[in-house]
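First the structure, in the form of structure tokens, and then the observations on it.
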Amino acid sequence: SGALSPTSNGEKSSPKNDSSDSIDLRRISINEGSKGWKTAAAHIKNLKNATQAIGHVKLENKIGTSAADLEDGDPLKTITLATQRALQSFGGAGTVKSVTPDDALRSVEFDEAASAAAAAAETEAEEAYSTRQPAFQCFEMCHDKFKDIREAFGISEAQFYAVLGLQKKQVISSFSVIGSGDASGKSPSFFFLSPDQQYILKSCTTRDVKTLTRILSSYRDHVKSCAASADDDSAASSTNLSLLPRYLGLYKLIFQDDTPDVTLIVMTNFFAAAHEIHSKFDLKGSTYHREASEKERAKSAPVYKDLDWMREGRKIRFSTEDEVQSVRERLEADTLYLSSQKLIDYSLLVGIHEMKDGATNLRKRDEAMDIISARSSTEIQYFGLVDILTPFVAQKRAETICTGTLICRPGISCQPPKKYQKRFMNFVDEEILACTGTGTGNS
């Protein structure tokens, strides 16, 4: 997240959209270091009160700190509330302007709103927000394409905005927050989670926005082609057969005070599971330095890596070869698509629930959320592809040459798209997918 580039008159500029997939990022520049949002995000890790979101996600799987528990004056407390107010308006509760004739770019604007304490001191107004809200504008980018994508994933417009938008008479955000200090990756992003933890809103960089808008048309076509048939009951089936991240929306918030501007990608949460996830793995098919650090292992919910997976002899197990082949075909189709878009550095994220006391009668219908999972006699594994927005650009080419080729380390994570995809699928075949031969199915 960050501030916009100033225009010639010193004012913040508005997004521009044209007929192409790419939004004019000269006018939506995201300076990751501006206005101190990293410091604000880091404050989250010092808070201990976890959110108690509604829904059917197992309590132990609920993550983040409730926005209501953030300190007054914390920028993230302001941003979470503003985001939900904007999404409520986009869902039909406010005045939405179409910035472009094709409705691809929409916006809503809000005047400054005082906090409840300030309002009480001046008036007897009953409806004031719990924290001050500066004047701001929110842009919904590529609305037309994301609407098609949500439909491909079986998500209605009413459901999407109802879950994410501010509820009537609600005066504080119901989101949960994960600061950059608590995230497992190298990115300084922070995350918001919806009350039912079905959706994640991730702060993103200029590169993320540029890459996503560049591939959005082909991404939409790919996921639409993967829609599951009504009678599909194959292993790990859901409303859509793709294992790619489910990107559902892209929003830019521009504030009129010193609150940091932010761009948020909305996606589904792979781990919104009905059963507790006991361990998590991030698998790239690389072995060079791919093990959890001591710092990561010390976390309450560490994310392990490829070498850890191999040492523990882990597998995603299916009862028949047909089920193994079905999931493999999905992964191959998705990774070939990523390769065609010159994308690398993606991972298969796996969460494992270990069954206790011989509880082998769990079924897919136990899951309230539309998530992807497989079941064996001892485990439930939740999985999907993540972090797909890294293009193989000049910097990555240099990393491959200097770190890999010149000093003989072919196992490094960074590889050209075709090599990355091939290595990833080799790892899937050799180390990830397996058949138990029980023939009992995973439903």
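The values are calculated or read from the model by the stated rules, or taken from the named source; none is laboratory data. Note that this is a predicted model, so its numbers are computed, not measured. A quick note on method: Cβ atoms are made from the backbone with ideal geometry, for glycine too, and the neighbour counts reach across all protein chains shown. Accessible surface is based on the protein model in full, side chains and every heavy atom, while ligands, DNA and RNA are left aside. Shrake-Rupley method; radii C 1.70, N 1.55, O 1.52, S 1.80 Å.
Relative protection proxy for 420-432, 99-111, from highest mean packing down: 420-432, 99-111 (other beta-carbon atoms within 10 angstrom). Going down the list K305/K418; K202/K342; K62/K97, which pairs span over 27 Å between their C-alpha atoms? Flagged as over cut-off: K62/K97. The calculated FRET efficiency for the pair E312 and C435, based on their C-beta separation and a Förster distance of 25 Å, comes to about 0.85.
Surface composition of segment 253-349: carbon and sulfur atoms hold 47% of the protein heavy-atom accessible area at a 1.4 Å probe. Counted over all Cα-Cα pairs of segment 195-312, pairs farther apart than 21 Å make up 60 percent.
Using a 1.4 angstrom probe with every protein chain in place, what is the largest-first accessible-area order of D69, D221?
D221, D69
The mean accessible area for residues of segment 132-176, using a 1.4 Å probe and ignoring ligands and nucleic acids, is 37 Å² per residue.
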